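One structure below.
The values are calculated or read from the model by the stated rules, or taken from the named source; none is laboratory data. As the structure is a prediction and not an experimental result, all values here were calculated from the model. FYI the Cβ positions are ideal-geometry reconstructions off the backbone, even for glycines, and counts take in every protein chain you see.
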Amino acid sequence: MLKKTLSLIVTFDETVQALAAEARLTAMGLPGRLIPVPREITAGCGLSWKAPPEARAQVLAALDAAGVRWSGAALLEV
């Protein structure tokens, strides 16, 4: 079984927002990737962005600057 690590999980209400986040964050070279929403939380769409916790401020600022709406951000062991 894979070892769980503390990660930033950003959720979205719609799939199009998750895909826009992936495009923007990847283009900026920020760490992370799209994953299914962990079962510990709920979201409007089934995709979330997983990144290292130390990237929280950068990731959320980049999403806000790009006008990408996110619905929640949590630190979880996934």
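Looking at region 5-35, which of its residues are of a type outside the set (A, V, I, L, M, F, W, C), farther than 14 Å from Pro52 by Cβ and assigned to a loop (DSSP other than H, G, I, E, B)?
So the first thing to find is which residues in region 5-35 are of a type outside the set (A, V, I, L, M, F, W, C), and the list is 5, 7, 11, 13-15, 17, 22, 24, 26, 29, 31-33.
Among the residues that remain, those that are also farther than 14 Å from Pro52 by Cβ are: 11, 13-15, 17, 22, 24, 26.
Asp13, Glu14 - these are the residues of region 5-35 that are of a type outside the set (A, V, I, L, M, F, W, C), farther than 14 Å from Pro52 by Cβ and assigned to a loop (DSSP other than H, G, I, E, B).
Give the residue, chosen from Ala66, Ala55, Ala20, Ala62, that is surrounded by 14 or more Cβ atoms within 10 Å (Cβ to Cβ) and touching a strand residue (DSSP E or B) at 6+ places or on another chain (Cβ under 8 Å). First the steps, then the outcome.
Details: Ala66 fails: touching a strand residue (DSSP E or B) at 6+ places or on another chain (Cβ under 8 Å); Ala20 fails: touching a strand residue (DSSP E or B) at 6+ places or on another chain (Cβ under 8 Å); Ala62 fails: touching a strand residue (DSSP E or B) at 6+ places or on another chain (Cβ under 8 Å).
None of the others qualify; the one that does is Ala55.
Among the candidates Thr11, Thr42, single out the residue that is at pLDDT 95 or above and among the polar types (S, T, N, Q). Working first, answer last.
On the way: Thr42 fails: at pLDDT 95 or above.
Answer to the check: Thr11.
Among the residues of region 36-64, which ones are touching a residue at least 24 places away in the same chain (Cβ under 8 Å) and assigned to a strand (DSSP E or B)?
Within region 36-64, Leu47, Ser48, Trp49, Lys50, Ala51 meet the criteria.
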